[in-house]
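One structure below.
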Amino acid sequence: MHGFRLSFFTQQGRTHGILSITEWLLKEAKKLGIQGATVNVAQGGYGRDGKYRTARFFEIGEQPMEVQMAVRQEECDRLFARIEEEKLEVFYMKIPIEFGITGSKT
């Protein structure tokens with residue numbers, strides 16, 4: 001199967017409505033029928049503002065987070081349409097990939 005690896009980068013404390021951006025992305029992906037997503041937690045990093053963020057005892061809300069998923073073109077289009085509807089601003093990478101399950105006959 002061909003599609004895209006989507007990676008969204010945010011911080012633990014960033015929210016959209018009552019959910020963290022990470023939770024919102026996972027919930028929307030599941031609603032749209034995307035078969036899986038992974039959340040990675042980073043020790044630290046910096047974003048477009050150049051400020052280094054890390055998971056320290058008093059600053060846990062700034063811990064960098066990444067949400068990854070492998071999606072088909074249609075799923076990608078639907079997810080980005082939802083993000084646009086919500087006017088959500090989040091950095092992403094979209095990389096063309098081939099994906100599947102080893103040993104699968106489909």
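The values are calculated or read from the model by the stated rules, or taken from the named source; none is laboratory data. In this text the structure is predicted, and so the values were computed from the model without any measurement. Ideal geometry is used to build each Cβ from the backbone, glycine not excepted, and the neighbour counts take in all protein chains shown. For the accessible areas, the whole protein counts, side chains as well, though only heavy atoms, and no ligand, DNA or RNA atoms are used. Shrake-Rupley method; radii C 1.70, N 1.55, O 1.52, S 1.80 Å.
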Could you grab the pairs with beta carbons closer than 9 Å, sequence gap of 6+ or different chains, first residue in the range 18-47 and acidic (Asp, Glu), second one in a helix (DSSP H, G or I) and open to solvent by less than 20 Å² (accessible area, probe 1.4 Å)? Glu28/Leu79; Glu28/Ile83
Could you grab me the full set of residues in the range 9-24 that are within 20 Å of Ile95 (Cβ to Cβ) and out of contact with any Ser or Thr (no Cβ under 8 Å at 6 or more places or on another chain)? Phe9
So which pairs qualify, if the first residue must be in the range 78-98 and of a type in the set (D, E, K, R), the second must be open to solvent by 70 Å² or more (accessible area, probe 1.4 Å) and in a strand (DSSP E or B), the Cβ gap must be under 8 Å, and the two must be at least 6 apart or on different chains? Lys94/Arg5; Glu98/His2
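Take the range 1-17 and flag every residue that is open to solvent by 60 Å² or more (accessible area, probe 1.4 Å) and either in a loop (DSSP other than H, G, I, E, B) or without any contact (Cβ under 8 Å) to a residue 24 or more places away in the chain (or both).
So in the range 1-17, the residues open to solvent by 60 Å² or more (accessible area, probe 1.4 Å) come out as 1-2, 5, 9, 12, 14-15, 17.
Passing the criteria: Met1, Gln12, Arg14, Thr15, Gly17.
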Given (1) modelled with pLDDT of 95 or more; (2) open to solvent by 80 Å² or more (accessible area, probe 1.4 Å), identify the lone condition not met by Arg82. (2)
Candidate set: the range 24-64, residues that are assigned to a strand (DSSP E or B) and modelled with pLDDT under 90; chosen: the one most open to solvent (accessible area, probe 1.4 Å): Tyr46
